[in-house]
Amino acid sequence: MITRLAEEERLSGAVLHAATLYLAGQVADDTSLDAEGQTADILRQIDALLDQAGTSKRYLLSVQIFIADMADFQGMNRAWDAWLDPNHKPARATVKAELANPAWRVEITGVAALPPVLPRPDQTETQYA
Amino acid sequence: MITRLAEEERLSGAVLHAATLYLAGQVADDTSLDAEGQTADILRQIDALLDQAGTSKRYLLSVQIFIADMADFQGMNRAWDAWLDPNHKPARATVKAELANPAWRVEITGVAALPPVLPRPDQTETQYA
Amino acid sequence: MITRLAEEERLSGAVLHAATLYLAGQVADDTSLDAEGQTADILRQIDALLDQAGTSKRYLLSVQIFIADMADFQGMNRAWDAWLDPNHKPARATVKAELANPAWRVEITGVAALPPVLPRPDQTETQYA
């Protein structure tokens with residue numbers, strides 16, 4: 001089964017299939033921010049999408065970061081480092097790319113897992129005595 | 001098991017594993033077309049690959065669009081909008097990137113699911129009476 | 001369950017979930033090499049990561065190649081062709097992108113499967129006679 005979240009005119013913000021969540025490219029809502037601020041804004045949106053799908057950044061598998069100007073690499077990383085859970089680091093690739101809106105400094109896409117489904121006590125197998 | 005489709009010298013056009021299909025970067029066969037025409041051409045090729053794998057655009061999970069010139073963003077989107085199934089929108093990220101052949105205006109890669117396998121009536125469990 | 005390999009300060013070199021391995025963007029250790037040499041260096045690192053995860057290039061599903069200068073496309077492909085197993089070709093997309101370190105000519109990311117787990121003879125079901 002496929003579940004789509006945060007649907008927009010041309011795309012879904014995230015699509016869930018087989019315990020794997022595929023994120024659309026996320027960009028900052030507030031484009032007046034610098035690269036560090038835009039990255040923090042994006043990571044908040046990713047947290048919200050992950051939460052909506054029933055998962056969290058602890059289950060993030062892989063991200064791709066597109067950065068409009070490599071001069072912003074340090075600023076992007078400051079927001080990344082502040083957000084990153086050091087015990088649950090995803091794979092990451094970062095390259096420069098011009099983005100669809102020139103006001104966007106950073107765009108992040110990625111793939112996350114759903115947390116494992118644990119059996120609840122009342123769902124354990126009945127013991128016949 | 002891994003199944004490879006549309007194999008070329010250096011790559012497979014698509015690779016199927018665990019009900020998930022990974023597309024190679026698809027480019028237009030007819031490079032004389034403008035960005036809108038090349039996008040429509042690419043989307044037809046993606047439809048054909050999905051069909052060959054036993055799935056369809058309804059099961060497309062995520063795409064990445066690389067566009068050689070952001071001035072072509074509207075043209076690319078016209079072809080996208082004409083093709084998109086509004087009830088089954090994938091996640092999407094679009095960034096500018098120079099492509100391997102300067103005649104290519106657009107390149108699209110993505111990930112799709114296979115449709116769920118439903119039990120056929122003659123495969124249901126036998127009822128013992 | 002998620003397993004992280006080759007952890008660095010900001011990312012994991014590879015992340016394993018549900019028999020699928022997500023690679024971080026891999027770059028050459030020896031940046032004095034040309035694009036062909038850097039690509040061979042990267043592919044050796046990918047082989048090592050795949051091996052560490054219990055898989056190999058035969059199970060590589062998809063790669064993305066970012067190349068800093070399209071003039072290096074032929075050189076990158078020479079290393080690719082020398083490394084590629086022609087019976088197990090992944091999906092591939094290659095685009096130009098400026099990389100975080102100007103000495104890097106090539107960066108490669110990708111997704112691989114784990115090999116199928118085959119039952120061992122001593123794990124076959126007991127036959128009652």
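The values are calculated or read from the model by the stated rules, or taken from the named source; none is laboratory data. All values derive from a computational prediction rather than experimental measurement. Every residue, glycine among them, receives a Cβ derived from its backbone with ideal geometry; neighbour counts consider all protein chains shown. To get the accessible areas, we keep the full protein, side chains included, count just its heavy atoms, and leave off ligands, DNA and RNA. Shrake-Rupley method; radii C 1.70, N 1.55, O 1.52, S 1.80 Å.
A few points about this structure:
- Rounded Å value of the spacing that divides the Cα centres of the stretch C:32-100 and the stretch A:85-109: 21
- Computed across the stretch C:61-114, the Kirkwood hydrodynamic radius from all distinct Cα-Cα pairs reaches 11.9 Å.
- Take each residue in A:81-93, count the other chain C-beta atoms within 10 Å of its C-beta, and the mean is 6.
- Look at the alpha carbon pairs under 8 Å that are at least 6 residues apart: their mean separation over the length of chain C gives a relative contact order of 31 percent.
- On Cα atoms only, tilt of A:35-52 relative to the major axis of chain A in degrees: 20
- Measuring how big chain C is from its alpha-carbon positions, Rg and Dmax come out at 17.3, 70 Å.
- Simple spin-label estimate for residue B:69 and residue C:51 in nanometres, 7 Å along Cα-Cβ: 4.7
- In the stretch A:55-72, burial by the other protein chains removes 30 Å² or more of accessible area from A:61, A:64, A:66, A:70, compared with the chain on its own (1.4 Å probe, ligands and nucleic acids ignored).
- Note on the protein assembly as shown: Lys pairs 8 or more places apart or on different chains, Cα atoms under 19 Å apart, count 6.
- For the chain pair A and B, the buried solvent-accessible surface (1.4 Å probe, both sides summed) amounts to about 2000 Å².
- The protein assembly as shown - mean residue ellipticity at 222 nm from DSSP helices (-39,500 (n - 2.57) per run, n ≥ 4, rounded to 500): -7500 deg cm²/dmol
- Relative to the dominant Cα principal axis of chain C, helix C:73-83 is inclined by about 30°.
- Calculated accessible area for the stretch B:18-129 comes out at 48 Å² per residue, all protein chains present (probe 1.4 Å; ligands, DNA, RNA ignored).
- Tensor-based shape of the protein assembly as shown (alpha-carbon gyration tensor, a/c under 1.5 rounded, otherwise prolate or oblate): rounded
- When a 1.4 Å probe is rolled over the protein heavy atoms, the share of accessible surface on the stretch C:2-112 that falls to carbon and sulfur comes to 45 percent.
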